[in-house]
Amino acid sequence: MTAPRLIAGLSEIASGYDALICDVWGVLHDGKNVHPGAANALKQFRTDRGPVVLLTNAPRLTEEVAAQCAQYGVPQDCYDAIVSSGAAARAELERRGTNGLALYYIGPAKDLPLLSGLNLRFTGIDDARLVFCTGLEDDLTETPADYADRLAQMRAKGLTMICANPDLVVHRGAQLCFCAGALAREYEKLGGDAIYYGKPHRPIYDAALQAAGQPKRPLAVGDGLFTDIAGANRAGLDVLFIADGVHGEEVEAFTADHLAKLFEKSGVNALAASRKLVW
């Protein structure tokens with residue numbers, strides 16, 4: 001059991017790194033508003049150390065993520081590039097070939113631009129050859145239990161699900177909302193086949209490192225134990241855990257011992273931990 005170093009701000013460890021691979025939702029904003037201290041920390045890192053790449057499990061193209069960040073008040077000068085799970089999932093559809101592909105879509109209408117321009121035929125479960133999931137249709141009111149019948153039908157048909165957002169839950173303001181990863185997990189429990197694009201899987205980190213210019217000493221920053229922290233561990237990156245994010249309720253005591261036990265329970269490690277991302 002290795003205890004993380006507790007720090008008050010990123011400036012305490014920034015000198016050891018030449019790039020940041022930073023989570024977005026829960027670290028930089030809360031789904032409604034920017035965290036000003038986090039944006040300032042990213043700006044300072046860019047000025048003093050090197051590039052900042054935002055790595056997000058948002059099921060959207062990078063330009064849509066940038067527009068959403070701007071809507072929440074995230075300044076454009078606090079990052080250099082964005083890498084999204086949505087773009088990676090779309091690329092998978094393109095690799096498979098979409099010439100009239102019969103697709104069953106699960107997600108809100110607002111995510112459909114992710115599939116714009118692809119030659120797809122949207123169908124019901126019975127006629128589908130593949131399932132593409134960006135999230136719950138209404139994540140403010142629904143839970144994975146509302147999809148039990150659909151998931152069972154999909155399993156009976158032997159359909160593969162492409163999950164464009166491996167996150168299980170996110171905060172939207174103070175509310176905790178389920179994500180596509182929660183549906184994919186339930187589908188796997190039924191014996192269904194799910195393919196995930198985004199954190200914690202290695203290809204999305206390779207894309208982020210490429211966007212950062214293949215740095216020699218990158219640091220990952222995130223709040224999700226099973227996505228951000230696990231993904232950084234798998235990619236061999238040092239990682240800063242942000243405690244007051246999606247796991248805030250589990251960090252009852254912000255002590256090295258408590259966090260070490262939480263990490264051990266979750267099968268992850270972090271070099272350092274901070275309550276919030278600040279400089």
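The values are calculated or read from the model by the stated rules, or taken from the named source; none is laboratory data. Owing to the predicted nature of the structure, the values given are computational and were not obtained by experimental measurement. Note: ideal-geometry Cβ built from the backbone for every residue, glycine included; neighbour counts use all protein chains shown. Ligands, DNA and RNA are excluded from the accessible area calculation, which covers all protein heavy atoms including side chains. Shrake-Rupley method; radii C 1.70, N 1.55, O 1.52, S 1.80 Å.
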Within region 86-114, residues surrounded by fewer than 22 Cβ atoms within 10 Å (Cβ to Cβ), in contact with a strand residue (DSSP E or B) (Cβ under 9 Å, 6 or more places away or on another chain) and assigned to a helix (DSSP H, G or I) come out as 92, 93, 96, 112
Would you confirm whether any residue within region 18-28 is touching an Asp or Glu at 6+ places or on another chain (Cβ under 9 Å) and among the aromatic types (Phe, Trp, Tyr)? yes
Determine whether region 204-219 contains at least one residue that is among the aromatic types (Phe, Trp, Tyr), closer than 15 Å to residue 83 by Cα, crowded, with 18+ Cβ neighbours inside 10 Å and in contact with a helix residue (DSSP H, G or I) (Cβ under 9 Å, 6 or more places away or on another chain). yes
Selection count where residues are open to solvent by less than 40 Å² (accessible area, probe 1.4 Å) and among the charged types (D, E, K, R), scope region 31-74: 1
Any hit, region 2-17, residues being closer than 14 Å to residue 245 by Cα and touching a Ser or Thr at 6+ places or on another chain (Cβ under 8 Å): no
Do we find that residue 145 is among the small types (Gly, Ala, Ser), modelled with pLDDT of 95 or more and either over 27 Å from residue 17 (Cβ atoms) or part of a loop (DSSP other than H, G, I, E, B) (or both) in this structure? yes
Selection within region 115-126 - surrounded by fewer than 13 Cβ atoms within 10 Å (Cβ to Cβ) and touching a Ser or Thr at 6+ places or on another chain (Cβ under 7 Å): 119
Strands (runs of 3 or more DSSP E) wholly inside region 164-259 that include at least 3 residues being touching an Asp or Glu at 6+ places or on another chain (Cβ under 8 Å): 218-222, 238-242
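Take residue 99 and tell me if it is of a type in the set (S, T, N, Q) and over 17 Å from residue 22 (Cα atoms).
Yes, satisfied.
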By residue number, the members of region 42-65 that are part of a helix (DSSP H, G or I) and under 24 Å from residue 226 (Cα atoms) are 42, 62, 65
Quick check: is even one residue across region 187-201 among the β-branched types (Val, Ile, Thr), within 25 Å of residue 56 (Cβ to Cβ) and surrounded by 17 or more Cβ atoms within 10 Å (Cβ to Cβ)? no
Only one of these conditions is not met by residue 155: (1) surrounded by fewer than 20 Cβ atoms within 10 Å (Cβ to Cβ); (2) in contact with an Asp or Glu (Cβ under 7 Å, 6 or more places away or on another chain); (3) among the charged types (D, E, K, R). Which number is it? (2)
